[in-house]
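Q: Structure below; questions to follow.
The values are calculated or read from the model by the stated rules, or taken from the named source; none is laboratory data. This is a predicted model, so every value here is computed, not measured. Because the Cβ atoms are built from the backbone with ideal geometry, glycine has one as well, and the counts that use them run over all protein chains shown. Areas reflect the complete protein model, heavy atoms only, side chains present, ligands, DNA and RNA absent. Shrake-Rupley method; radii C 1.70, N 1.55, O 1.52, S 1.80 Å.
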Amino acid sequence: MSDKETAGTRANDGQTLADATTGDYKYGFSTDVDTDVIPAGLNEDVIRLISKKKGEPQWLLDFRLEAYRYWLTLKPPTWAHLDIPPIDYQAISYYAAPLPRKAPGSLDEVDPEVLDTFNRLGIPLQEQKALAGMAVDAVMDSVSVRTTHREKLAEMGIIFCSFSEAVKDYPDLVRKYLGKVVGYRDNFYAALNSAVFSDGSFVYIPRGVRCPMELSTYFRINSAGTGQFERTLIVADADAYVSYLEGCTAPMRDENQLHAAIVEIIAEDRAEVKYSTVQNWYAGDAEGRGGVYNFVTKRGLCRGDYSKLSWTQVETGSAITWKYPSCVLAGEGAVGEFYSVAVTRNRQQADTGTKMIHLGNNTRSTIVSKGISAGSSQNSYRGLVRVAPSASGCRNYTQCDSLLLSDHCGAHTFPEIKIGNPTAVVEHEATTSKISEQQIFYCNQRGIPTEEAVGLIVNGYAREVMNKLPMEFAVEAQKLLAVTLEGSVG
Amino acid sequence: MHSLRQYIELYRDNRDTIEAAAAVIINRRRPEALRALEAFAEQPAPRTPYRETSADLLYAPDYGLNIGRLQFAVDLAASFRCDVPNISTLLAVVVNDTYRPGALLEKNLPAGVSVMSLARAAAEHPEWVEPYLDSLSACATPTAALNSLLLQDGVMVHISRGVRLDKPIQIVSIFNSPTAMLAVRRLLVVADEGAAARLLLCDHSQGSGVPYLSCAVTEIFAGAGAEVEVYGIEEANADTVRVSETHARVADGARLLLNGSFLSGGISVNDYDVRLDGDDARADLSGLVIGGGSQCAANRVVLRHHGRRCVSRQLFKYALFDDARGEFGGKIVVDEGATGTDAEQNNRNLLVSDGARMDSAPQLEIYCDDVRCGHGSATGELDANALFYMRQRGIPLDEARMMLTQAFMSDVVDAVGYEPVRDRLRHLVEKRLGGEAASCANCSAEDSLCNR
């Protein structure tokens, strides 16, 4: 099926979805979609109300309440290399469900600068659809609006639906896997999410099934003052394969918005999961006002022998990013991969990296992290490679490079390597440098202006990671990198 | 850190005795040290990868302190039977925490070079001590605060402007006590502009079965264009715990070399804080750890580039046998404005036995764009192909292992700039890997000792 045909099919899937996914909505502004918002504040009644509105079973409410009670005993983590202004958790509304019958805003509402940016990104309004071949579960604020391709996938036994639907339709599966990889006791934000998570995606790939298309969810924050607490759960049964895409954009807002999501992935024997993210939340203005706080807990458990989990992320947005997609390699011969490009500019702060926990014999992991800092931003890689005493024959290779594009930004590397078994071979390399004047001069000599030269060099620098992205994302991500860095060098 | 309370109480109960034996300059620092230590006592201990290296536990046992300044008899000859030729040093000995100069030391010191007790330096040359003492350690850690609170004496090395010393100054610190003992040790090195000196610091303990704890703080000032090389060798028994901090400031165009070797001991925790303050300065830090039994060795480095066009190189290697534990923490910080920085850090670790553990955290913190910084860390076992190759050629497995481990360590040994010390270190590493008891047999200091 061609891209155009796919787009046509999807356009027929329903006006609501089209409203939620058209390109002019996608980037950096707020639409007037009505939302059903719970007043700000967090207590047990709010959690009961969220649970009631979603018609959840008692066990899930109990899970939320336990998480909430535990959260009350915690303090926000301070170990990251981040300067996080105090967050008033009582000033946030913890639930916002869109009322999808209302029409979305028109193009006139869009900030022309933003439109211009996305024109330069080369993403015409309809291209969002044309980029298909993906099934899109559009999450606007906190409730899944509609899931497409569901029937087609269902024929193969694949479950791809919103989390709330999964709770209703497949309660046993959800109950079996929920919180098994990221428990509510994991950290402050995981506890918060477990208490108030509103929706997200649920994916189950049955034994031996190779998912024929890229599964994709567009997360976006729409309602003013509402945090987004998504919960994604992906289960790949034995011999299954799935590639999952997550893209984030957010409307421009002056006040900070909190995003504390959880992604849990479970891979059984010989299963393979590929999880790709392009994160482009609103990063605040040049002075650091506004922007999204992105505190995400992502972890995959490679429980089965010879299972594989691959994280690929391109992080360009958010005022503050706190995110460490990790792999627990429990099965024999399990493989974990982490490929990351993190770009920070203006006053953005990012503390991101991964954890590779080797518990099974002959497990292997690869980490490639490329940080790019510009403006007055702070960009940190934080990683952990741990080899358990009982895990023999493990291998890890880590490469984390940083590129500095201004003289008052920061690029930091905080890896930790804990080796408990002598048969492990673990290598870590890191370099930090700026774009050399010779490289720029070489490009200038050949008639390439400096701005473009920087784009070229940065894309070359990040190519190793970009190559890991599915085609649909790679094109967008490459342009995004160049556009993000425009005006950052001088 | 509740374990620090016993030292606060000990100080309060014995304040007069402690201060009576110390210089005024040292005593003047105690109120601040007390405040800092009281604050640390209320805080949890900083997290460490291993329980063994937690400061709270290290300071917990009930050690005795020689606040009455008793003179312990020590069999120096047992510690130094030296036959490696081509090295002659200017020797000073610290028994527990008491400085004992060699009889010929002062005679042999060239003009412009002073090695003396801190108390004497404070009395005779307050200008050498006052601006420097505690200015770097600044009671910023429990160890630094404890050291400043209980310090009675230490060693001062002063090299005057433009004086270049050929012979190394060797300071041998020995533990010898019938009962468990905590020694508070302090070394202050001030090298004025254009001065050059080499220091060889040896740590030993005599007798076995007696727990010793060395709480040592070293402060090094390398003036503009100065060259300071410090080689440390630790060969102690399994009951000895060493907690050391080395602080250094390197001025314009100066060069500092720090090399630390852990050959034997119980637990050894060494913190390095080096700041390249001036422009065009250079620091080379290296260390090797050969750990066996249940030994635990930690090296933590914070190397800060503050001046422009500074160069730093770090190389730390660990070979861990049996149930030994190794920890390496290395942080390179490049301040804003430190343009032209060139920094490299390397950590390589060999785990030879099933029970061995390694924890490595090489870190970069960079606030300036015109830099070239890199670090690498690798942990693994001996190359099976290399072992197979050697066994094919008739070399027994154990010997092949030893040869490969020795080869693995060779670049740290080669980082020693002064050839006689390098030869000696190579010899000691060879013996240590050969399974011989680590002792200062063949220590090259005998010449000097015999000359006393």
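Q: Can you name the residue in the range A:160-170 that is open to solvent by 10 Å² or more (accessible area, probe 1.4 Å) and at pLDDT below 90 and is also farthest from the chain's Cα centre (by Cα) among such residues?
A: Filtering the range A:160-170 for residues that are open to solvent by 10 Å² or more (accessible area, probe 1.4 Å) and at pLDDT below 90, the one farthest from the chain's Cα centre (by Cα) comes out as A:Glu165.
Q: For the list (1) aliphatic (A, V, I, L, M); (2) open to solvent by less than 30 Å² (accessible area, probe 1.4 Å); (3) more than 14 Å from chain A (Cβ to nearest Cβ), I need the number of the one condition that B:Val333 fails.
A: That leaves (3) as the condition not met.
Q: Looking at the range B:336-366, which of its residues are at the interface with chain A (Cβ under 7 Å from one of its Cβ atoms), small (Gly, Ala, Ser) and surrounded by fewer than 18 Cβ atoms within 10 Å (Cβ to Cβ)?
A: Within the range B:336-366, B:Ser353 is the sole residue that qualifies.
Q: Hey, another quick one. Among residues belonging to the range B:277-328 that are under 26 Å from A:Pro389 (Cα atoms) and among the acidic types (Asp, Glu), point out the one that is least open to solvent (accessible area, probe 1.4 Å).
A: B:Glu327
Q: Still on this model: Would you mind stating whether A:Val296 is in contact with a Leu (Cβ under 8 Å, 6 or more places away or on another chain) and not acidic (Asp, Glu)?
A: No; evaluated as a whole, the condition is false for this residue.
Q: Those residues that are more than 10 Å from chain A (Cβ to nearest Cβ) and among the hydrophobic types (A, V, I, L, M, F, W, C), I need them from the range B:299-320; list them, please.
A: B:Val301, B:Val302, B:Leu303, B:Cys310, B:Val311, B:Leu315, B:Phe316, B:Ala319
Q: Pull up the range B:1-28, narrow it to residues that are outside any helix (DSSP H, G or I) and modelled with pLDDT of 90 or more, then point me to the one that is most open to solvent (accessible area, probe 1.4 Å). Quick ask: steps written out before the conclusion?
A: Of the residues in the range B:1-28, the ones outside any helix (DSSP H, G or I) are B:1, B:14, B:21-23, B:28.
Now narrow it down to the ones that are modelled with pLDDT of 90 or more: B:14, B:28.
Numbers: B:Asn14: 46, B:Arg28: 136 Å².
Looking at the filtered set, the residue picked out is B:Arg28.
Q: I'd like to know if the range B:217-234 contains one or more residues that are crowded, with 24+ Cβ neighbours inside 10 Å and within 18 Å of B:Leu320 (Cβ to Cβ).
A: Checking the range B:217-234: at least one residue is crowded, with 24+ Cβ neighbours inside 10 Å and within 18 Å of B:Leu320 (Cβ to Cβ).
Q: Name the residue that is nearest to A:Pro422 (Cα to Cα), counting only residues in the range B:372-390 that are within 7 Å of another protein chain (Cβ to nearest Cβ) and polar (S, T, N, Q). First the steps, then the outcome.
A: First, the residues of the range B:372-390 that are within 7 Å of another protein chain (Cβ to nearest Cβ): B:372-381.
With polar (S, T, N, Q) added as a condition, the list becomes B:377, B:379.
Values: B:Ser377: 15, B:Thr379: 8 Å.
Taking the candidates together, the pick is B:Thr379.
Q: Among the residues of the range B:108-139, count how many are among the small types (Gly, Ala, Ser), in contact (Cβ under 8 Å) with a residue 12 or more places away in the chain and either touching a Leu at 6+ places or on another chain (Cβ under 9 Å) or part of a loop (DSSP other than H, G, I, E, B) (or both). Walk me through how you get there before you give the answer.
A: First, the residues of the range B:108-139 that are among the small types (Gly, Ala, Ser): B:111-112, B:114, B:117, B:119, B:121-123, B:135, B:137-138.
Cutting the leftovers down to in contact (Cβ under 8 Å) with a residue 12 or more places away in the chain gives us B:111-112, B:114, B:117, B:119, B:121-123, B:135, B:137.
The next check asks that each one be either touching a Leu at 6+ places or on another chain (Cβ under 9 Å) or part of a loop (DSSP other than H, G, I, E, B) (or both); those that pass are B:111-112, B:121-122, B:135, B:137.
Of the residues in that region, 6 qualify.
Q: Additional query: Quick check on the range B:147-172: of everything there that is open to solvent by 10 Å² or more (accessible area, probe 1.4 Å) and not in a strand (DSSP E or B), which residue is nearest to B:Leu213 (Cα to Cα)?
A: B:Asp153
Q: Would you point out the residue of the range A:180-232, among those that are at pLDDT 85 or above and among the small types (Gly, Ala, Ser), that is farthest from the chain's Cα centre (by Cα)?
A: The selected residue is A:Gly208.
Q: Give the number of residues within the range A:353-391 that are within 21 Å of B:Asp370 (Cα to Cα) and part of a strand (DSSP E or B).
A: Taking the range A:353-391 and keeping what is within 21 Å of B:Asp370 (Cα to Cα), we get A:369-381.
The next check asks that each one be part of a strand (DSSP E or B); those that pass are A:369-373, A:378-381.
Within the range A:353-391, residues that are within 21 Å of B:Asp370 (Cα to Cα) and part of a strand (DSSP E or B) number 9.
Q: Looking at the range A:415-435, which of its residues are hydrophobic (A, V, I, L, M, F, W, C) and crowded, with 22+ Cβ neighbours inside 10 Å?
A: Within the range A:415-435, A:Ile417, A:Ile419, A:Ala424, A:Val426, A:Ala430 meet the criteria.
Q: What's the number of the condition B:Pro49 fails, among (1) within 20 Å of B:Asp239 (Cβ to Cβ); (2) in contact with a strand residue (DSSP E or B) (Cβ under 7 Å, 6 or more places away or on another chain)?
A: That leaves (1) as the condition not met.
Q: Write out, first by first residue and then by second, each pair whose Cβ atoms fall under 6 Å of each other, whose residues are 6+ apart or on separate chains, and whose first residue, in the range A:423-434, is within 7 Å of chain B (Cβ to nearest Cβ) while the second is polar (S, T, N, Q) and open to solvent by less than 60 Å² (accessible area, probe 1.4 Å).
A: A:Thr423/A:Ser392; A:Val426/A:Asn396; A:Val426/B:Thr379; A:His428/A:Thr398; A:His428/B:Ser377; A:Glu429/A:Gln399; A:Ala430/A:Thr413; A:Thr432/A:Ser402
Q: Next question. May I ask you to list the residues in the range B:389-406 that are in contact with a Leu (Cβ under 8 Å, 6 or more places away or on another chain) and either among the hydrophobic types (A, V, I, L, M, F, W, C) or in contact (Cβ under 8 Å) with a residue 24 or more places away in the chain (or both)? Show your work before the answer.
A: Going residue by residue through the range B:389-406, those that are in contact with a Leu (Cβ under 8 Å, 6 or more places away or on another chain) are B:390-391, B:397, B:400-402, B:404-406.
Those that are in contact with a Leu (Cβ under 8 Å, 6 or more places away or on another chain) and either among the hydrophobic types (A, V, I, L, M, F, W, C) or in contact (Cβ under 8 Å) with a residue 24 or more places away in the chain (or both): B:Met390, B:Leu397, B:Ala400, B:Arg401, B:Met402, B:Leu404, B:Thr405, B:Gln406.
Q: Moving on. Just to verify a result, which residue in the range A:435-461, among those that are without any contact (Cβ under 8 Å) to a residue 12 or more places away in the chain and of a type in the set (Ser, Thr, Tyr), is nearest to the other protein chains (Cβ to nearest Cβ)?
A: In this case the residue turns out to be A:Ser436.
Q: I'm checking my understanding of the structure. Among residues of the range A:460-469 that are more than 11 Å from A:Gln313 (Cα to Cα) and not polar (S, T, N, Q), which one is least open to solvent (accessible area, probe 1.4 Å)?
A: Among them, the one singled out is A:Ala462.
Q: Confirm whether B:Asp369 is surrounded by 19 or more Cβ atoms within 10 Å (Cβ to Cβ) and within 7 Å of chain A (Cβ to nearest Cβ).
A: yes
Q: Collect the residues in the range A:382-414 that are open to solvent by less than 40 Å² (accessible area, probe 1.4 Å) and facing chain B (nearest Cβ under 8 Å), keeping them in residue-number order.
A: Answer for the range A:382-414, where residues must be open to solvent by less than 40 Å² (accessible area, probe 1.4 Å) and facing chain B (nearest Cβ under 8 Å): A:Ser402, A:Leu404, A:Leu405, A:Ser406, A:Cys409, A:Gly410, A:Ala411, A:His412, A:Thr413, A:Phe414.
Q: Tell me whether the range A:326-343 contains one or more residues that are within 19 Å of B:Tyr367 (Cβ to Cβ) and more than 14 Å from chain B (Cβ to nearest Cβ).
A: Initial filter on the range A:326-343 (within 19 Å of B:Tyr367 (Cβ to Cβ)): A:342-343.
Still in the list and also more than 14 Å from chain B (Cβ to nearest Cβ): A:342-343.
Yes, some residue in the range A:326-343 is within 19 Å of B:Tyr367 (Cβ to Cβ) and more than 14 Å from chain B (Cβ to nearest Cβ).
Q: Looking at the structure I just gave you, is B:Val289 at the interface with chain A (Cβ under 10 Å from one of its Cβ atoms) and either closer than 20 Å to B:Val228 by Cα or β-branched (Val, Ile, Thr) (or both)?
A: no
Q: Exactly one of (1) at pLDDT below 90; (2) over 19 Å from B:Leu201 (Cβ atoms) is unmet by B:Ser444. Its number?
A: Exception for B:Ser444: condition (2).
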